[in-house]
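Q: Got a structure for you, questions after.
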Amino acid sequence: MSTSTPAIKVEDVHKYFGDNKVLTGIDLEVAEGKVVCVIGPSGSGKSTLLRCVNLLEQPTSGKIFVEGAEITDPDADVDKLRSRIGMVFQQFNLFPHLSVMDNLTLAQRKVKGRGSDEARTVARKNLEKVGLAERETSYPAHLSGGQQQRIAIARALSMDPDMMLFDEPTSALDPELVGDVLAVMKDLASEGMTMMVVTHEMGFAREVGDDLVFMDGGVVVEQGDPRKVLGDPQHERTKSFLSKVL
Amino acid sequence: MAMSPRKRAQVSRYVQYTVLVAVVVALALSADWARLQSVFFDLDIVARQFPDVITVGLKNTVLYSASAFVFGLVLGLVLALMRLSQVGPYRWIATGFIELFRGVPALVVFIAFYFGFPTAFPGYAIPGGTFGIVTIALGLVGAAYMAETIRAGIQAVPKGQMEAARSLGMSQTRAMVSVVIPQAFRIVLPPLTNELILLTKDSSLVYVLGVSLATVELTSFGRQGLNTENNLSPLILVALCYLLITVPLSILVRRMEARAGRAR
């Protein structure tokens with residue numbers, strides 16, 4: 001595995017917002033087909049790191065490679081690279097003026113150039129996957145948070161991405177709706193999707209994650225097998241964080 | 001004898017009704033209704049205004065304000081996007097335009113266009129004659145106001161919408177066109193409709209341009225009627241015609257605002 005190109009490679013990435021140093025030298029690799037969970041206290045920079053991977057945030061310095069292509073290269077075709085990276089947001093960010101079906105087909109048609117029929121077929125397949133096949137004519141406002149998030153996952157999947165980024169996908173949900181979303185993510189992982197997940201769901205990280213990254217203060221403090229890191233943290237800061245959340 | 005608060009409120013309400021009824025009755029009795037009608041709403045004179053008040057006056061007012069609105073809306077959208085542009089000069093030009101046309105009375109713009117344009121550009125004529133001039137002059141003023149409304153609408157669309165669109169691989173332009181602008185327009189539909197009401201009333205400024213029989217709009221029509229009949233009735237009729245346009249529009253605005261309120 002070590003010889004193949006990693007799906008995501010982060011090299012010495014720094015990100016400053018003015019004087020606020022959010023990321024100070026991050027190195028990270030996500031191998032193809034693996035699930036990497038990123039945990040840490042709020043303000044640790046984990047969401048910023050995730051947003052740097054598809055260049056929603058421009059790193060102040062450092063390089064990020066997506067399947068070997070440098071997305072931080074000023075000459076990179078960022079739009080094209082992004083269409084291969086699915087992104088799921090904490091606030092779902094469905095398009096409220098479009099039906100569920102149109103949410104799923106818009107980018108397929110405008111970015112991938114798919115015909116209307118093909119786009120709808122792909123959309124239906126993904127709606128089925130997230131268990132919401134009967135919702136294609138609904139509008140986002142009429143769906144629960146959990147349903148909206150599953151639609152958002154289906155929308156990202158409809159672009160046939162090579163990898164998925166999840167930015168605290170269950171943090172905005174009522175507790176009883178979290179399970180449905182996690183179940184969909186678990187299915188995805190078992191199908192071999194490469195995933196980078198910023199989360200507070202330690203159960204998910206332990207059960208599904210191949211690798212766990214603990215961030216604090218803009219750096220990776222500890223990284224390794226989730227069961228090891230969660231069960232026997234080595235670093236003081238990891239211990240202190242886990243003692244509060246577990 | 002102390003009254004309970006409920007009793008006091010009741011008495012106060014009775015007093016208010018009594019005053020109202022007294023004033024209405026006094027006015028009704030003291031007014032010379034026949035005379036008022038002959039001055040303001042002489043039915044014979046009113047009848048003589050038909051059908052032209054509708055087929056010419058009302059039609060032209062609707063035509064002027066609708067075409068100015070469409071022109072202003074398109075220009076306003078362009079200006080709004082320029083205001084939000086990364087390119088400095090675009091922002092400066094848009095800001096300058098908006099400040100100019102919001103700060104100058106529409107009447108001045110009308111006169112400047114009508115008399116200035118033929119002199120400034122000899123040999124060129126604005127296509128459509130009076131209709132073209134009104135569309136452009138009124139549209140320029142409307143565009144300045146609508147640009148600020150649309151800009152506010154675009155900025156009111158949550159940032160996550162643009163991010164979600166970009167994450168799906170859409171370009172900045174594509175995301176604007178397919179995701180942000182449609183939502184912005186839903187947000188600003190009520191204020192834009194208000195702008196249409198204002199434009200409808202401002203189309204009366206055509207009056208100062210001196211118009212021909214075919215291009216006359218409501219206010220000019222009423223003013224002409226006032227001259228020929230030596231009576232205010234045509235003007236009152238014209239005023240009612242304006243209400244025929246503006247009242248349904250403002251009801252529409254209130255409905256849209258109520259619906260937007262519910263959706264939130």
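The values are calculated or read from the model by the stated rules, or taken from the named source; none is laboratory data. Keep in mind it's a predicted model, so treat the numbers as computed, not measured. Quick reminder, even Gly has a Cβ in these numbers, built from the backbone with ideal geometry, and neighbours come from all protein chains shown. Accessible surface areas use protein heavy atoms only, side chains included; no ligands, DNA or RNA. Shrake-Rupley method; radii C 1.70, N 1.55, O 1.52, S 1.80 Å.
Q: Just give me the residues in the range A:2-23 being open to solvent by 30 Å² or more (accessible area, probe 1.4 Å) and in contact (Cβ under 8 Å) with a residue 24 or more places away in the chain, in sequence order.
A: Matches in the range A:2-23: A:4, A:5, A:9, A:11, A:12, A:14, A:16, A:21.
Q: Residue under question is residue A:63, and the condition is that it be modelled with pLDDT of 95 or more, basic (Lys, Arg) and in a strand (DSSP E or B); does it hold?
A: Criteria met by residue A:63.
Q: Give the residues of the range B:126-171 that are farther than 30 Å from residue A:157 by Cβ and acidic (Asp, Glu), sorted by residue number.
A: B:148 - this is the single residue of the range B:126-171 that is farther than 30 Å from residue A:157 by Cβ and acidic (Asp, Glu).
Q: Does residue A:204 satisfy being on the phi < 0 side of the Ramachandran plot and touching a Phe, Trp or Tyr at 6+ places or on another chain (Cβ under 8 Å)?
A: Judged against the criteria, residue A:204 is not a match.
Q: Which members of the range A:94-137 meet the condition of being within 14 Å of another protein chain (Cβ to nearest Cβ) and not in a helix (DSSP H, G or I)?
A: A:94, A:95, A:96, A:97, A:98, A:99, A:111, A:112, A:113, A:114 - these are the residues of the range A:94-137 that are within 14 Å of another protein chain (Cβ to nearest Cβ) and not in a helix (DSSP H, G or I).
Q: Which one of B:169, B:222 is touching a helix residue (DSSP H, G or I) at 6+ places or on another chain (Cβ under 7 Å), crowded, with 19+ Cβ neighbours inside 10 Å and over 30 Å from residue B:105 (Cα atoms)?
A: That would be B:169, the only listed residue that is touching a helix residue (DSSP H, G or I) at 6+ places or on another chain (Cβ under 7 Å), crowded, with 19+ Cβ neighbours inside 10 Å and over 30 Å from residue B:105 (Cα atoms).
Q: Could you tell me whether residue A:80 is more than 24 Å from residue A:167 (Cβ to Cβ), open to solvent by 10 Å² or more (accessible area, probe 1.4 Å) and either over 19 Å from the mean Cα position of the chain (by Cα) or within 11 Å of another protein chain (Cβ to nearest Cβ) (or both)?
A: Working: more than 24 Å from residue A:167 (Cβ to Cβ): no; open to solvent by 10 Å² or more (accessible area, probe 1.4 Å): yes; either over 19 Å from the mean Cα position of the chain (by Cα) or within 11 Å of another protein chain (Cβ to nearest Cβ) (or both): yes.
When the stated conditions are applied, residue A:80 does not pass them.
Q: Moving on to the next point. Taking the range B:225-264 on its own, how many of its residues are under 30 Å from residue B:157 (Cα atoms) and either aromatic (Phe, Trp, Tyr) or within 14 Å of another protein chain (Cβ to nearest Cβ) (or both)?
A: 6
Q: Let me ask something else about it. In this structure, is residue B:153 within 14 Å of chain A (Cβ to nearest Cβ) and either open to solvent by less than 50 Å² (accessible area, probe 1.4 Å) or β-branched (Val, Ile, Thr) (or both)?
A: yes
Q: Looking for something open to solvent by less than 70 Å² (accessible area, probe 1.4 Å), more than 17 Å from the chain's Cα centre (by Cα) and of a type in the set (Phe, Trp, Tyr) - is there at least one such residue anywhere in the range A:95-102?
A: Looking through the range A:95-102, at least one residue is open to solvent by less than 70 Å² (accessible area, probe 1.4 Å), more than 17 Å from the chain's Cα centre (by Cα) and of a type in the set (Phe, Trp, Tyr).
Q: Could you tell me whether the range B:225-238 includes any residue that is small (Gly, Ala, Ser), modelled with pLDDT under 95, surrounded by fewer than 20 Cβ atoms within 10 Å (Cβ to Cβ) and at negative phi? Reasoning before the result, please.
A: Of the residues in the range B:225-238, the ones small (Gly, Ala, Ser) are B:225, B:233.
When the remaining residues are screened for being modelled with pLDDT under 95, the result is B:225, B:233.
Keeping just the survivors that are surrounded by fewer than 20 Cβ atoms within 10 Å (Cβ to Cβ) gives none.
No: zero hits.
Q: Report whether or not residue B:95 is surrounded by 14 or more Cβ atoms within 10 Å (Cβ to Cβ) and either more than 14 Å from chain A (Cβ to nearest Cβ) or among the polar types (S, T, N, Q) (or both).
A: For residue B:95, the condition - surrounded by 14 or more Cβ atoms within 10 Å (Cβ to Cβ) and either more than 14 Å from chain A (Cβ to nearest Cβ) or among the polar types (S, T, N, Q) (or both) - is met.
Q: Scan A:26, A:64, A:39 and give me the residue that is more than 14 Å from chain B (Cβ to nearest Cβ), buried (at least 20 other Cβ atoms within 10 Å of the Cβ), touching a strand residue (DSSP E or B) at 6+ places or on another chain (Cβ under 6 Å) and within 30 Å of residue A:131 (Cβ to Cβ).
A: A:39
Q: On to the next question. For residue B:102, only one of the following conditions fails: (1) in contact with a Phe, Trp or Tyr (Cβ under 8 Å, 6 or more places away or on another chain); (2) open to solvent by 70 Å² or more (accessible area, probe 1.4 Å); (3) not in a helix (DSSP H, G or I). What is its number?
A: Among (1) in contact with a Phe, Trp or Tyr (Cβ under 8 Å, 6 or more places away or on another chain); (2) open to solvent by 70 Å² or more (accessible area, probe 1.4 Å); (3) not in a helix (DSSP H, G or I), the lone unmet condition for residue B:102 is (3).
Q: Same structure again: Would you mind finding the one in B:188, B:109 that is more than 30 Å from residue A:114 (Cβ to Cβ), β-branched (Val, Ile, Thr), buried (at least 18 other Cβ atoms within 10 Å of the Cβ) and within 14 Å of chain A (Cβ to nearest Cβ)?
A: Details: B:109 fails: within 14 Å of chain A (Cβ to nearest Cβ).
Residue meeting the stated conditions: B:188.
Q: A further question on this structure: Working only within the range B:156-166, note down all residues that are surrounded by fewer than 18 Cβ atoms within 10 Å (Cβ to Cβ) and more than 7 Å from every other protein chain (Cβ to nearest Cβ).
A: B:156, B:158, B:159
Q: Closer than 30 Å to residue B:199 by Cβ, part of a helix (DSSP H, G or I) and at pLDDT 95 or above: which single residue out of B:58, B:63, B:20, B:73 fits that description?
A: Values: B:58 fails: at pLDDT 95 or above; B:63 fails: at pLDDT 95 or above; B:20 fails: closer than 30 Å to residue B:199 by Cβ.
Just a single option satisfies the conditions, and that option is B:73.
Q: Going by what's in this entry, would residue B:90 be described as free of Cβ contacts under 8 Å to residues at least 60 places away in the same chain, of a type in the set (Phe, Trp, Tyr), in a helix (DSSP H, G or I) and surrounded by 12 or more Cβ atoms within 10 Å (Cβ to Cβ)? Full working, then the answer.
A: Numbers: free of Cβ contacts under 8 Å to residues at least 60 places away in the same chain: yes; of a type in the set (Phe, Trp, Tyr): yes; in a helix (DSSP H, G or I): yes; surrounded by 12 or more Cβ atoms within 10 Å (Cβ to Cβ): yes.
Spelling it out, residue B:90 is indeed free of Cβ contacts under 8 Å to residues at least 60 places away in the same chain, of a type in the set (Phe, Trp, Tyr), in a helix (DSSP H, G or I) and surrounded by 12 or more Cβ atoms within 10 Å (Cβ to Cβ).
Q: Still on this structure: How do the helices (runs of 4 or more DSSP H) wholly within the range A:138-225 filter down when requiring 2 or more residues that are among the β-branched types (Val, Ile, Thr): which remain?
A: Fully inside the range A:138-225 and qualifying: A:145-157, A:175-190.
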